[in-house]
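No value in this document is a laboratory result; all are computed from the given coordinates. Just so you know, these numbers come straight off a predicted model, no measurement behind them. In this analysis, Cβ positions are derived from the backbone assuming ideal geometry, glycine residues included, and neighbour counts consider all displayed protein chains.
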Amino acid sequence: MNGSESILDVRDLSIAYGSKTVLSGVTLDVRENEILGIIGPAGAGKTSFLQAINRMDAFNASMKVTGTLNFLGRDVRAWRNAYALRRQIGVVFPLPVGLPLTVYDNVAFAPRLAGKRSRAELDEIVERCLRRAALWDEVKDRLDSLGSLLSGGQQQRLTIARALSQDPVLLMLDEFSIAVDPVTTMRIEDVLKELRQEMTIILVTNLVQQARRLADRTAFFLDGRMVELGSTESLFNGETLFPETRDYIEGRFG
Amino acid sequence: MFAATDRNRTNDRIQRRYRNVFLGMTLLLVLPVLIILGLLVVRGGPVLTAEFLFEFPKSGMTAGGIFPAFLGTIILVTMGLVFSVPLGIAAAIYLSEYAPDNWLTRSINLAIINLAGVPSIVHALFGVGAFVIFFGFGTSILAASLTLAIMALPVVIVATRESLQAVPHAFREACWAMGATRWQTIRRVVLPNSVSGILTGVILEVSRTAGETAPIMFTGAAFFVPFLPQTIFDKTMALSLHLFVISTQVPGVPEDFPYGVALLLIIIVLSMNALSIGFRTWLRGRKKW
């Protein structure tokens, strides 16, 4: 097993939008260099969970987060500088988001925010991140074309390259395969297997088998609560004690 | 199996009939535009000579040119823009990018829509009360252009806000997630992708204010001024008011003069519109997502 140091410690987390609670009483930890899979049907609270971690609630006045989220030993809401917190956490969205900037500027965006100006340094970051996202060979000759006009699968890998450009401690992927073709999905999965050596990954996925292929441990969310969290192996070997989990994994609902 | 039934044929006939009705309505719309333009060009065209454009009116406005009015309209519109555009764009950025969705924001939005619906004569009276009398600017270019600016503001705000909203929200979230502030996101991603739309809105607004008469006739535009304005506290002539004056108030004006003035106004408005259409086409040619 990978290192057991916990980098994210969630205690009794609840999230509400106005008077509507979408997630309550979640307690879990994310360990260094693991891939934590989160599965569950739509509306289970998976995306809200990710948004609470990098404090996106700051951009949504109706989103209320309670409980504690210790990231690198400090409550995320005690980070005085939420921007610095977000720079440690890479995010990949369900729909590919190539910003309407050049491919180069997409990947250089975060490093520039962090104050990097030297062209040589940026060149190095852009190439390294695009290579690791398995996109370099396809775009190396057109780094100055618009990232938002790449194909969906390429944009999703561009998003990953952009997330990597932040040198994140934690990478969060939210149903990344929902809008990309199966071949791209497999390529990205290979990328993730490589990345787990260097960082911790939370993989929210709508594909149960994807969690099975990639995740060390898997959490099952349902109707705004976490039903269970266990090693992926035990969950899929039918050792689960919860009938809902078994039904979901076996495709009986969701 | 694929042969047309009677019912198919009837439906087809009916749908063709409706198509022709809608086509007729559309052509009916074009007719007045063509007639107005044709009349103006035929009767006003010969009037628009260089002397007419760049000379002062003579003999009680029955001869000479319209230069003071031409220049006056350009000054009024330009100054109106200088006041309304920065303010309008700033307000739109706040409303679109920063404002929380609460009762205050909603009332401000409602107020802006209402402001856009206020008749221009009411704007004129407000201009008299606020700028001419209260701020003591007198009937002057300053008071008139401020009145035009107030009138233009809601349109600038709405056009800008819509251009900003046309930039997908996902772009903002992607930037925020990378640790960008709201302002960094606006400056690097949102504004560069909405600036053409904002410009289009602003240009269309220019063409509207150029033709307005009511807001300026009480606040700074004059019947006749024998000299060009020296400061922003002077009165000025303006094309729209001049057209009104020589059509109705002054006896002995050559019959084609008003057509010439009207044609010039239309040319200003249409060339502005053409500019804005050009922008839009250019935008479409460079689709960004």
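Enter the angle in degrees (range 0 to 90, nearest 10) between the Cα long axis of helix A:182-195 and the first principal axis of the Cα atoms of chain A, meaning the one along which they spread out most.
Around 90 degrees separate the two axes.
Which whole-number percent gives the relative contact order of chain B, counting Cα pairs below 8 Å spaced six or more residues apart?
Once divided by the residue count of chain B, the mean separation gives 26 percent.
Whose amide H sits under 5 Å from the amide H of A:Val22, counting only residues 5 or more places off or on another chain, with H placed in the peptide plane?
Placed amide hydrogens put A:Ile15, A:Ala16, A:Tyr17 under 5 Å from A:Val22.
Within a Cβ distance under 14 Å of A:Arg187, other residues only, what is the Lys/Arg minus Asp/Glu net charge?
It works out to a net charge of -1.
Report, in cubic angstrom per residue, the convex hull volume of the C-alpha atoms of the protein assembly as shown.
Taking only Cα atoms, the protein assembly as shown has a hull volume of 254 Å³ per residue.
Obtain the nm distance between the two label points defined at B:Ile74 and B:Thr281 by a simple spin-label model: each point lies 7 Å from its Cα along the Cα-to-C-beta direction.
2.5
Straight-line reach from B:Lys235: which lysines fall under 28 Å, measuring Cα to Cα and dropping same-chain residues less than 8 apart?
B:Lys58
On average over all directions, what projected area in square nanometres does region A:144-254 have, based on the convex hull of its Cα atoms? Before the final figure, lay out each step's value.
Working: hull surface 32.5 nm².
Averaged projected area of region A:144-254's Cα convex hull equals 8.1 nm².
Once you list every other residue whose beta carbon is under 14 Å from the beta carbon of A:Pro41, what net charge do they have if Lys and Arg are +1 and Asp and Glu are -1? Write out the running numbers ahead of the final one.
Working: positive: A:Lys46, A:Arg225, A:Arg252; negative: A:Glu175, A:Asp223, A:Glu244, A:Asp247, A:Glu250.
For residues surrounding A:Pro41, the net value is -2.
Computed FRET efficiency, Cβ-Cβ of A:Asp167 and A:Trp79, R0 22 Å: what is it to the nearest 0.05?
0.80
Taking the alpha carbon gyration tensor of region A:6-112, what are the square roots of 5 times its eigenvalues, largest first, to the nearest whole Å?
Largest first, region A:6-112 gives 24, 17, 15 Å.
Which FRET efficiency, nearest 0.05, do B:Asn8 and B:Leu270 yield, Cβ-Cβ r, R0 45 Å?
On the way: r = 46 Å, r/R0 = 1.02.
The calculated FRET efficiency here is 0.45.
Please compute the volume of the convex hull spanned by the alpha-carbon atoms of region A:100-167 and report it per residue in Å³. Mind showing how you got there, number by number?
Values: hull volume 4.8 nm³, N = 68.
Normalising the Cα hull of region A:100-167 by residue number yields 71 Å³.
Taking a 29 Å limit on the Cα-Cα distance, which of the listed pairs A:Lys46/A:Lys193; A:Lys140/B:Lys288; A:Lys64/B:Lys288; A:Lys116/A:Lys140; A:Lys20/B:Lys288; A:Lys46/A:Lys116 fall beyond it?
Checking Cα-Cα distances, A:Lys64/B:Lys288; A:Lys20/B:Lys288; A:Lys46/A:Lys116 exceed 29 Å.
Once you place label points 7 Å from the Cα toward the Cβ at B:Phe126 and A:Ile178, how far apart are they in nm?
Result: 4.4 nm between the two label points.
Using the Kirkwood radius over C-alpha pairs as Rh, can you work out the diffusion coefficient of region B:1-137 via Stokes-Einstein at 10 °C, viscosity 1.306 mPa s, in µm² per second?
72
Quote to one decimal, in nm, the extra length available between B:Leu104 and B:Phe134 on full extension: 0.36 nm per residue of separation minus the C-alpha distance between them.
Length gained between B:Leu104 and B:Phe134: 8.0 nm.
Rounded to a whole number, what is D in µm²/s for region B:51-285 from Stokes-Einstein with the Kirkwood radius over alpha-carbon pairs (37 °C, 0.692 mPa s)?
The estimated diffusion coefficient comes to 170 µm²/s.
Can you give me the long-range amide H partners of B:Ala63? Hydrogens built in the peptide plane at 1.01 Å from N, cutoff under 5 Å, separation of 5 or more residues or another chain.
Here the answer is B:Lys58, since their amide H atoms fall under 5 Å of that of B:Ala63.
For A:Ser145, put the label point 7 Å out on the Cα→Cβ axis and report which residues of region B:173-198 keep their amide N under 16 Å from it.
Label zone hits: none.
Convert each backbone phi in region B:241-250 into a coupling constant with the Karplus relation 6.51 cos²θ - 1.76 cosθ + 1.60 (shift: θ = phi - 60°), then list the ³J(HN,Hα) values in order as whole Hz, x for Gly and Pro.
5, 4, 4, 4, 5, 6, 7, 10, 9, 10
As an exercise, take the mean of 1/r over every pair of distinct alpha carbons in region B:62-200, invert it, and state the Kirkwood radius in angstroms.
Final number for the Kirkwood radius of region B:62-200 is 17.0 Å.
Highest first, please rank the peptides B:193-206, A:18-31, A:127-140 by the mean number of other Cβ atoms sitting within 10 Å of their residues.
Highest mean packing first, the order is B:193-206, A:127-140, A:18-31.
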